[in-house]
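Q: Here you go, one structure.
No value in this document is a laboratory result; all are computed from the given coordinates. Keep in mind that this is a model prediction, so the values were computed, not measured. Here the Cβ is made from the backbone with ideal geometry for all residues, glycine too, and neighbour counts use every protein chain on show.
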Amino acid sequence: MAFNIGLSGLRASQVDLDVTGNNIANASTVGFKGSQAQFGDLYSSGFLSSGNMAVGGGVKVQDIKQSFGQGSISGTQNGLDMAIDGDGFFILSNQGQVEYSRAGQFSIDKDGFVVNNQSMRVQGYQADDEGNLSGVRGDLQIDAGNLEPRRTTRFDSELNLDSRESVLEVIRQTYPTPWSDPNNPPAGLAADETLTFTYPDGRTIDVDFQAGDRAQTIAERLNELSGVSSSSRTRLDIVDGVIQPGTNYEVMGETFSVPGAGGGITNSEEARDWLQDAINDSPLNTLNATAQGTSGMRLIDSRGNEVTVTEVDGSGNPVGGGYSDTGVEEITNISLEQGIVATTDAGGTSPILGSDSPDITRTNTFDPEDQRTYNHATSSTIYDSLGNPHTMTQYFVKEPVSGGDSVWAMYVQIDDEDVGDPPFTTGEPTRARYELEFNTDGSLASVDGDPNGQILISNWTPKDDSGQPNGADGPLPIASGGELPIAEPPVSSNFMVDMNETTQFGSSFGVIDQQQNGYTTGRLSGLDVSDEGVVFARYSNGQSQNLGQVALASFANTDGLSPVGDTNWVETFESGQPIFGQPGTGTLGGISASSVEESNVDLSQELVNLIIAQRNYQANAKTIETSDAVTQTIINLR
């Protein structure tokens, strides 16, 4: 009997040693859960046996119980490493077989699936193209492709307009100064001239000009003065009768061959119209080539460059004078702030000032190129359907109070061009102007009568740097069906501007928030994981998007799970069926990103258990040794 008891103790101690050794061996295994051998005593008893005289039969191993207590969480350098802080298991698909694990060392395979070290696919909830998470569970896959661009369809503008500001008023004194020579290229000023500018405080500034100075030079010199602004242009009128069918003409280095009668052009007027279209469609489109009724054609270069038209032969050699029968004119416009007076030393009418009696106007008319005509401006970036960025500028002008209403005018330009809706389905964009009316408490009452504060930009044609349409979706005018809300998916460049949060308080102008929903294309630059297990993709364009969410599972009886190696468990009858859910919901724990859960083995405790198991083994061996000695004594009786 004693031999069997000792043997059972040896077997139990050996199992205890094995369990302790396995715990020590996996003390650094991520997600490992330590085990403990649980023992029970053995008694032989029957229906008629006496309980108070029973002698035990030894010991047996009742169970090897795993401890699913939380292990320490430590950080890593891998953004896809995850640790469960709380209850739950990661769900893994091993070629169709579902296993569960606490080891969150994940990476991405060649197909973009999130996998563990054994290439088992992590299960989760996939997101659609808009980043919306579905409730359908499957293999979690990361799309490493570029993020497609998204056009701007909504622009939210929240700012404050200072109610204390006054209505702007600008006094302009305009001096048109033409000079021309109808038969020769412009030679600039005919003689030296000095302009004297007298300011309201009595100081004077003299500006000297030399004979031959061109309009552009004069304008540049004048713009250097305080309170003085100037612009210039060169204008060339091509008289009807000069442009002939079947003739070659050179304009600023570009040659144009006007078709003859066989090409459908039979007279000088048609030839002029053809040349106008040819210039507008050529690299010279920065010229303003405009037909002037039946009198001829006008070429204007806003930069002040000389515009030449020369008749050439088939080899490009000039046939006649470059300005034959043409009128060339250079114009300089000068605007002075109130109180500034300009005089000239030229006798009579000044070639620059033109008239001694300048036109004086009092106005607050908006001019985007004149900062004196608007109170404030702010710019933001928007995107077309190809993902190209464009600059939208909002200008704000305080309007005179009428009938007790407090009104501001907002003007909108995109890339410095007007985007107002024309009254018909076609036509040049008009100036986009909207009236913002405010309540007495400073809140926005309406925009152009709309109490929701929403406006529609419906006449924007996205253009490239050269000013030509860039191939993105164009406008859908109101007359053609453009309206709010914007259709989904959008089919035009139309977008909504929401001004509902704009206020008019007695504080300085300030942009509180400007947001729009468009962006350019972006490359995948990194991945982040939230506490809810949502995988975010970060792109080079500054955008982020949901790619999916890790799913977790819990069990009614975690101790009933069966270990299958690789720090994984499988469902059993004793564990019950899994309950799936999102991290942080129900009894499921949250996710710690760039972290792993260490083994929950207490190495110090295991070393003590190792000593105890060793002593137990030695003691049970001593029992067998003693029984052997007793038995030997009996055998030696004679």
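Q: Listed highest first by mean packing, meaning other Cβ atoms within 10 Å per residue, what order do 561-573, 534-546, 147-159 come in?
A: In decreasing order of mean packing, 561-573, 534-546, 147-159 become 147-159, 534-546, 561-573.
Q: Per q in 0.11, 0.12, 0.17 Å⁻¹, report the Debye log10 I(q)/I(0) for the range 500-586, using one uniform scatterer on each alpha carbon and no solvent.
A: Values returned for q = 0.11, 0.12, 0.17 Å⁻¹ are -0.61, -0.67, -0.89.
Q: Then there is this: Taking K398 as the anchor, which aspartates and glutamates have their alpha carbon closer than 13 Å to its alpha carbon, excluding any fewer than eight residues away along the same chain?
A: D162, E165, E169, E435, E437
Q: Let me ask something additional. Give, as a single signed number, the net charge of other residues whose beta carbon lies under 9 Å from the beta carbon of A291, with Lys and Arg counted +1 and Asp and Glu -1.
A: With Lys, Arg at +1 and Asp, Glu at -1, the net is 0.
Q: Could you tell me which chymotrypsin sites (Phe, Trp or Tyr not before Pro) in the range 435-509 are loop residues by DSSP with no more than 15 other beta carbons within 10 angstrom of their beta carbon? Let's see the in-between values first.
A: Numbers: sites: F438, W460, F495, F505, F509; in loops: W460, F505, F509.
Answer in residue order: F505, F509.
Q: If you rank V491, V136, V15, V59 by fewest surrounding Cβ atoms within 10 Å, what's the result?
A: V136, V491, V15, V59
Q: Mind sorting F90, F256, F209 by how few other Cβ atoms lie within 10 Å of their own Cβ, fewest first?
A: Taking fewest neighbouring Cβ atoms as first place, the list is F256, F209, F90.
Q: Could you put D87, D237, D109 in order, starting from the residue whose Cβ has the fewest other Cβ atoms within 10 Å?
A: Working: D87 16, D237 19, D109 12.
Lowest to highest Cβ neighbour count: D109, D87, D237.
Q: In addition: Report, ordered by chain and residue number, the aspartates and glutamates lying within cross-link reach of K622, taken as a straight Cα distance under 20 Å and ignoring same-chain residues fewer than 8 apart.
A: Hits, sequence-local ones excluded: D16, D41.
Q: Here's something else I'd like to know. Find the Rg to Rh ratio for the chain, where Rh is the Kirkwood radius over alpha-carbon pairs and Rg uses the same atoms.
A: Taking Rh as the inverse mean 1/r over Cα pairs, Rg/Rh reads 1.30.
Q: On to the next question. As a test of the formula, what do you get for the chain when each DSSP H run with n ≥ 4 contributes -39,500 (n - 2.57) and the sum is divided by the residue count, at 222 nm and rounded to the nearest 500 deg cm²/dmol? Mind dumping the intermediate values first?
A: Values: 4 runs with 78 residues, N = 638.
Calculated from helices alone, the mean residue ellipticity at 222 nm is -4000 deg cm²/dmol.
Q: Let me check I've understood the local charge: for F509, count other residues with C-beta under 9 angstrom from its C-beta, Lys and Arg +1, Asp and Glu -1. What total comes out? Present the calculation step by step, with values, prior to reporting the outcome.
A: Working: positive: none; negative: D162, E165.
Once all neighbours under 9 Å are counted, the net charge is -2.
Q: Students often forget the sequence filter, so: which lysines lie under 25 Å Cα-Cα from K65 once same-chain residues fewer than 8 apart are removed?
A: Here the lysines satisfying the reach criterion relative to K65 are K33.
Q: What is the local net charge at Q95, summed over the other residues whose Cβ is closer than 15 Å to its Cβ (Lys, Arg +1; Asp, Glu -1)?
A: Values: positive: R121; negative: E99, D109, D111, D139, D566.
The answer is -4.
Q: Only sites in a loop by DSSP and with at most 14 other Cβ atoms within 10 Å count here; which trypsin sites (Lys or Arg not before Pro) in the range 408-470 make the cut?
A: Passing both the DSSP loop test and the Cβ count: R431.
Q: Points 7 angstrom from Cα along the Cβ direction at A211 and D528: gap in nanometres?
A: 7.2 nm
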